[in-house]
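The values are calculated or read from the model by the stated rules, or taken from the named source; none is laboratory data. Model, not experiment: these values are computed from the prediction. Cβ placement follows ideal geometry from the backbone for every residue including glycine, while neighbour counts extend to all protein chains displayed. Just the protein is used for accessible areas: all its heavy atoms, side chains included, with ligands, DNA and RNA removed. Shrake-Rupley method; radii C 1.70, N 1.55, O 1.52, S 1.80 Å.
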Amino acid sequence: MKKNWVGLTLAAMMLTGAMSATVMPAQTAHAANVTVYRVYTDATHTATQLEAQGFDVWETQPNFVEAPLTSDQINWLQQNGWSYTMSRNTSGPTFDSAYHTNTAVEQILADRAARFKNIATVSTIGYTYEKRPIQAIKISSSKLRSTDKSKALFIGGTHAREISPPEIMLSNMDYLLNNYGVDPDVTWMVDNREIYIIPILNKDGHDRVEQLMNWRKNTDNRWGGEGVDLNRNYNEPVNGVWGNPVYGTSTNPFSEVFCGPSAFSEPETAAVRNLVESVMGPTGTPATVPNGFKMVVDMHAYGNTIMWPWNWTFDVAQYGAQNDIAKMEMIGNKWAASNTYKAYIGAKMYYTTGDTTDWAYGFHRIPSFTIEVGKTFWPTNADLQTQVAENRLPFLNGVKITDDPYGRAGGPDSTGLNVSVASGKITLTGSADDSKSGSNKNRAVEVFVDALGVRGTGTKATLGNSTNSGAITSFNASISTAGLSSGKHLLIVESQDDSGAWGAPSAVWVNLP
Ligand SMILES: [Zn+2]
């Protein structure tokens, strides 16, 4: 049962003076062993208001947020008609041996660049406020030219105390590196995409977390406080939105959601912008840069949630985004179907302005997603491994659909591929599976040899029996081996549902005599 004012202290009751415009976070905000409260929200008491007031909101659910509270924040809640209750004491911050320090990550990246030099390139894309190198690893073979490969960007460690995302980034990186030449799907992806991974964007904050401090922002103290919230420091395309507390940020340098003095004032956000714009130019979009960046995922913790723009408003028509947002919703829902995360427009969590995805979509029209993983900032090793597993399929799907994210939104997977060769013919069987992407009936399956071709030009499969009300359909295809050299070939399969959407490609090898 919900109780009111359980956490009210004598000290808070005595604080009856005039309230400042923003309730300052306590000087002990970085201490260990924090007490977390539930603050209940409704139509007139919103998480966005709490953020604007300087509250350190850790998690948002439909009718409450979790946040540590100072005595003056408790007083402010009471004076303004809010309800809250003590939720739990955290044992964190923790940083045990399951997690990697900045130095360890640098060593891992150097190792991978050396061991996988044909498909891995590590570069320094900028330097943090404290001059630590911000590193990105690009995974791609040299089979195709860069201009022939669409590009995806995955970012971890924007918020330092959210310690799972860098580990998930490293795991997904190693999955691609270790399976190239081993798994046909991964091999196809690494040959046909450029996958950029920034394991830790906010390395200065990460350094504080390694010292067991509860640290979220970067450490830039030039603006009178102790750091800038990097996920409020990107830009917004609509005038009057960036840096405006009405839309989910704070201009108080001590706030955990302080936006900084101007968009891209921080070297970390500027490094991401410069990486993206090194390909896209200052104003490029997927329409004008055909094989540029077409997928951005910024991973945070916590909440088990997948989100897309806008983050500052529910009005999807802002900036003409309604059709794109409908497609991003389909992609987000598909990922959520694989890991049972919630999926919704970012504004539903609480308003934020100047976040990574509003900028990447708003300025470059790149389909962009925020994923909030897990149920705490400081998961145990076992919980971390669960999160790693939960985030594999969304990652692989995101990479696969990067050539045509909206065209493939809601399209069926091609699964259970099985291949045999006899009498000059390759027989391929499998299923078109739309059960996690809208559950439409399936219309067509096409097979290509060695390279994905123009739609309609591949070998058409024959559709067979269906289950799941038509959402899963078996197929078989017969491909002549005439003209194909002996040895290993890759078959690439894509399926289409009745809505017209093509799903992510899947690949399988065939050995010809
Ligand atoms: Zn975050």
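For ILE401, all conditions in the list (1) within 22 Å of GLY284 (Cα to Cα); (2) assigned to a loop (DSSP other than H, G, I, E, B); (3) not small (Gly, Ala, Ser) hold save one; what is the number of the exception? It is condition (2) that ILE401 fails. Could you identify the single residue in LYS117, LYS131, LYS143 that is assigned to a loop (DSSP other than H, G, I, E, B), over 28 Å from VAL399 (Cα atoms) and without any contact (Cβ under 8 Å) to a residue 60 or more places away in the chain? Criteria check complete, one pass: LYS131. If you go through region 342-356 and pick out every residue that is surrounded by fewer than 22 Cβ atoms within 10 Å (Cβ to Cβ) and not hydrophobic (A, V, I, L, M, F, W, C), you end up with 4.
Take TRP378 and decide whether it is within 16 Å of the ligand (Cβ to nearest atom), over 16 Å from the mean Cα position of the chain (by Cα) and on the phi < 0 side of the Ramachandran plot. So that I can check it myself, show each step before the final result.
Values: within 16 Å of the ligand (Cβ to nearest atom): yes; over 16 Å from the mean Cα position of the chain (by Cα): yes; on the phi < 0 side of the Ramachandran plot: yes.
Yes.
Picking from residues in region 258-304 that are within 16 Å of the ligand (Cβ to nearest atom) and acidic (Asp, Glu), the one that is nearest to TYR361 (Cα to Cα) is ASP298.
Got a number for residues in region 339-367 being small (Gly, Ala, Ser), within 26 Å of ASP403 (Cβ to Cβ) and within 15 Å of the ligand (Cβ to nearest atom)? Reasoning before the result, please.
Step one: of region 339-367, the residues small (Gly, Ala, Ser) are 343, 346-347, 354, 360, 362.
Of the ones still in play, those that are also within 26 Å of ASP403 (Cβ to Cβ) are 343, 346, 360, 362.
Then drop every residue that is not within 15 Å of the ligand (Cβ to nearest atom), which leaves 346.
The qualifying residues number 1.
Residues being modelled with pLDDT under 95, buried (at least 18 other Cβ atoms within 10 Å of the Cβ) and among the small types (Gly, Ala, Ser): count how many of those fall in region 436-457. Number satisfying all stated conditions: 2. Given the criteria within 13 Å of the ligand (Cβ to nearest atom), open to solvent by 10 Å² or more (accessible area, probe 1.4 Å) and either over 30 Å from HIS489 (Cα atoms) or in contact with an Asp or Glu (Cβ under 9 Å, 6 or more places away or on another chain) (or both), does TRP223 qualify? Criteria not met by TRP223. Checking ILE139, ILE198 one by one, the residue that is within 16 Å of the ligand (Cβ to nearest atom), in the same structural domain as PHE264 (by TED's automatic domain parsing) and under 20 Å from ARG273 (Cα atoms) is ILE198 and no other.
Of the residues screened, THR313 is not one that is hydroxyl-bearing (Ser, Thr, Tyr), open to solvent by 10 Å² or more (accessible area, probe 1.4 Å) and without any contact (Cβ under 8 Å) to a residue 60 or more places away in the chain.
Are any residues in region 201-212 touching a helix residue (DSSP H, G or I) at 6+ places or on another chain (Cβ under 9 Å) and more than 16 Å from the ligand (Cβ to nearest atom), and if so, which ones? If you could, list the steps in order and put the result at the bottom.
At the first step, the residues of region 201-212 found to be touching a helix residue (DSSP H, G or I) at 6+ places or on another chain (Cβ under 9 Å) are 201-207, 210.
Across region 201-212, the qualifying residues are ASP207, GLU210.
So is ASN235 touching a residue at least 12 places away in the same chain (Cβ under 8 Å), open to solvent by 10 Å² or more (accessible area, probe 1.4 Å) and either in the same structural domain as ALA113 (by TED's automatic domain parsing) or out of contact with any Gly (no Cβ under 8 Å at 6 or more places or on another chain) (or both) or not? Spelling it out, ASN235 is indeed touching a residue at least 12 places away in the same chain (Cβ under 8 Å), open to solvent by 10 Å² or more (accessible area, probe 1.4 Å) and either in the same structural domain as ALA113 (by TED's automatic domain parsing) or out of contact with any Gly (no Cβ under 8 Å at 6 or more places or on another chain) (or both). Picking from VAL186, VAL182, which residue would you name as being within 30 Å of ASP450 (Cα to Cα), more than 16 Å from the ligand (Cβ to nearest atom) and under 21 Å from the mean Cα position of the chain (by Cα)? None of the other options fit; the residue is VAL186. How many residues are within 16 Å of the ligand (Cβ to nearest atom) and out of contact with any Phe, Trp or Tyr (no Cβ under 8 Å at 6 or more places or on another chain) if we restrict to region 142-162? Counting residues in region 142-162 that are within 16 Å of the ligand (Cβ to nearest atom) and out of contact with any Phe, Trp or Tyr (no Cβ under 8 Å at 6 or more places or on another chain) gives 5.
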